[in-house]
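**Q** My questions all concern the structure below.
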Amino acid sequence: MNNRMKHLPNIITALRIVGAFGLLFFDVRSSAFWVLYLVCGLSDMLDGFLARRLRCESKAGALLDSVADLAFVACCCVKLFPVLNLPVWLWIWAGAIIVVKVINQISAVVMYKKLCFPHTFANKATGLLLFVAVSLTIFLETPVPMVVTAAIATFAAVQEGHFIRTGKNS
């Protein structure tokens, strides 16, 4: 395998971080915002697929992917929260999920002296659903996609905590 190809997944991941921060410079109603949003989301699926396909998976790559995910989510929150028309109870539910995820990371630091981001199927499903649900919620003006996503995210957060506390934090 070409040595450059070995770095391709991490380059794509790093570009997702740049793209995530690029979202901050576009209006949510603009085509440019949604094109960049789509590119960032697709790159999230592509980098992991390529890393597995090229057999160049690494702990550093997994950590970089988690950082890129965090940057993408944070930048999307800044831009999309103000335009998401959700009921208060759904915002409270989202806050509770965030609290559970923060507690999970505190547990990881206490137990292992490091952050742990288990790449579980439920976490991946939550990411995909959240990616789709946000745009559906905005364009269809209904909170239903976010309710479904919140249900899966709740399971993912609880499962993540279980995996961290039982040492299955792969």
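Read-outs throughout are calculated quantities, based only on the coordinates presented, and are distinct from any laboratory measurement. If you're wondering where the values come from, they're calculated on a predicted model, not measured in any experiment. Reconstructed Cβ throughout: ideal geometry from the backbone, glycine too, with neighbour counts over all protein chains shown.
**Q** Could you give the semi-axes, largest first, of the ellipsoid that matches the chain, computed as the square roots of 5 times the alpha carbon gyration tensor eigenvalues and rounded to whole Å?
**A** Values for the chain, descending: 26, 23, 13 Å.
**Q** Aspartates and glutamates near Lys113 by alpha-carbon distance under 19 Å, same-chain residues fewer than 8 away left out - which ones?
**A** Correct list for Lys113: Glu160.
**Q** Over the chain, with a Gaussian network built from C-alpha contacts below 10 Å, which listed residue (Gly127, Gly95, Gly48) shows the highest mean-square fluctuation?
**A** Evaluated over the chain, the most mobile residue of the options is Gly95.
**Q** Quick one: check the C-alpha center-to-center distance for segment 1-75 versus segment 116-170, whole angstrom.
**A** Computed from Cα coordinates, the inter-centre distance equals 18 Å.
**Q** Please report, in whole Å³, the volume per residue of the convex hull around the C-alpha atoms of segment 84-170.
**A** Given the Cα convex hull of segment 84-170, per-residue volume reads 76 Å³.
**Q** Here is a further query. Give a quick list of trypsin sites (Lys or Arg not before Pro) in segment 70-170 that DSSP marks as loop, anything other than H, G, I, E or B, with at most 15 other Cβ atoms within 10 Å.
**A** Listed in order of number, the matching sites are Lys113, Lys114, Lys168.
**Q** So what's segment 1-81 giving for Rg/Rh, alpha carbon basis, Kirkwood Rh from the mean inverse pair distance?
**A** Looking at segment 1-81, the ratio lands at 1.03.
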